[in-house]
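Below you'll find the structure, written out as structure tokens, and then a few comments.
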């Protein structure tokens, strides 16, 4: 127990770094994922094709491979970063955006057909139908799965710890090496801090889900 | 749905769409060409770098990596499913002092990064990395399987359980004979989708030094020299992604088949029929 209290500043720093990685990648992924979903339902065949291939490949890529690519292969190809955080954010947001795109697309599919028909019958174009009528409703219905994706993102950011980024998991590994006799306490501490992030998000997800269920 | 979003394109819209497609394709091809040029400048495409794939031992190492990946995934899946089933039964138990602790354990396991569990098992119990990988995967996925099955049981019409109890089955018998079989069938797509996640998560074994596919890549790159990193990584990633896409396709196929046969009751079948008609 002492080892946790002694290292509290490290835990705190790791928590902040994990939060930073998750928030930045989460925002990028949300924007990118929404655009990918829009491309997936658009009339332009090339956009549809691109979006389909991107989502299909990224969704089936193990996260570690994405990280390995961003952190180890990319620098060898001449793309260098000042910090490995950038590589982590690239890997996390590219990976998560594929899942967001799938969630948004399923939301688009869940909007009643009449909504789109009504919008088109009053003369709206594709861009207007999507941005004014369909997406606002679609995004609302997919908030609970979206939060689950963000929870997964927080947990996935732990992989960054193995690729030269010092976040919660990275610090945890360091502390475990430094305090070989109290590994269990150190790692349980790390677990506690992860739960501090994921459990409230999970509660939020189920609350929102219940609210949406009532509204429908 | 997508066809409802816009008109059947007329000549003008088709022209615009065609131009857009051409420009988009040119951009993507340009980007790919730029990447290939950059790679070529670094000599990535020199024959000697790829010539290593004519060597048997490279394929043998890759094969070992794939074998290690698949065996960890298979063993973890086989253990995780029954465990998930058990946890699910405990989670919906009528006895509060069984139900509530199980719920806490499940929340704990679900809120935890898998790689942290692997590291925990590896360092605290001092096991081999294989056991650490399998244990991490089992703990996490059993919790997820339990939640999926619970959702399946809760989605069943109430009458199923009531009927079971009425004909004199005990609560446990009703769960095992009436509710679980239907829940498993109904949740098959989610369960298979979770198997894909499990397979993907074996790659986390790289972090706890388990000799799976990615670790094999790293070892070979260290051994043969960094010049070979890209070719080996490229081939290994392609293999990994191909395996995953196959399992994902299987999940989609099961889902389609399920909705056609309308597993899980009349109410569901009608809803599904309406949905497909709407699309």
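The values are calculated or read from the model by the stated rules, or taken from the named source; none is laboratory data. Since this is a predicted model, take the numbers as computed values, not measurements. FYI the Cβ positions are ideal-geometry reconstructions off the backbone, even for glycines, and counts take in every protein chain you see.
Descriptive notes on the structure:
- Boolean, residue B:209 is in contact with a helix residue (DSSP H, G or I) (Cβ under 7 Å, 6 or more places away or on another chain), surrounded by fewer than 15 Cβ atoms within 10 Å (Cβ to Cβ) and farther than 23 Å from residue A:99 by Cα: yes
- The residues of region B:216-234 that are without any contact (Cβ under 8 Å) to a residue 12 or more places away in the chain and either within 16 Å of residue B:64 (Cα to Cα) or more than 28 Å from the chain's Cα centre (by Cα) (or both), listed by number, are B:222, B:223, B:225, B:226.
- Considered as a group, the residues in region A:49-62 that are more than 7 Å from chain B (Cβ to nearest Cβ) and crowded, with 21+ Cβ neighbours inside 10 Å include one that is nearest to residue A:103 (Cα to Cα), and that residue is A:55.
- Residue satisfying all of: in region B:109-118; modelled with pLDDT of 90 or more and facing chain A (nearest Cβ under 7 Å); surrounded by the fewest Cβ atoms within 10 Å (Cβ to Cβ) among these: B:116
- If you go through region A:169-185 and keep only what is more than 9 Å from chain B (Cβ to nearest Cβ) and touching a helix residue (DSSP H, G or I) at 6+ places or on another chain (Cβ under 6 Å), you end up with A:170, A:171, A:175, A:179, A:182, A:185.
- Residues located in region B:198-225, provided they are within 30 Å of residue B:257 (Cβ to Cβ) and more than 9 Å from chain A (Cβ to nearest Cβ): B:198
- Residue match in region A:110-118 (condition: at pLDDT below 90, closer than 30 Å to residue B:200 by Cβ and in a helix (DSSP H, G or I)): yes
- Criterion violated by residue A:122 - all others in (1) modelled with pLDDT of 90 or more; (2) closer than 21 Å to residue A:55 by Cβ; (3) more than 12 Å from chain B (Cβ to nearest Cβ) satisfied: (2)
- Listed by position, the helices (runs of 4 or more DSSP H) inside region A:1-90 whose residues that are over 19 Å from the mean Cα position of the chain (by Cα) number at least 2 are A:2-6, A:8-40, A:45-59.
- Residue match in region A:130-152 (condition: under 22 Å from residue A:20 (Cα atoms), facing another protein chain (nearest Cβ under 10 Å), outside any helix (DSSP H, G or I) and under 27 Å from the mean Cα position of the chain (by Cα)): no
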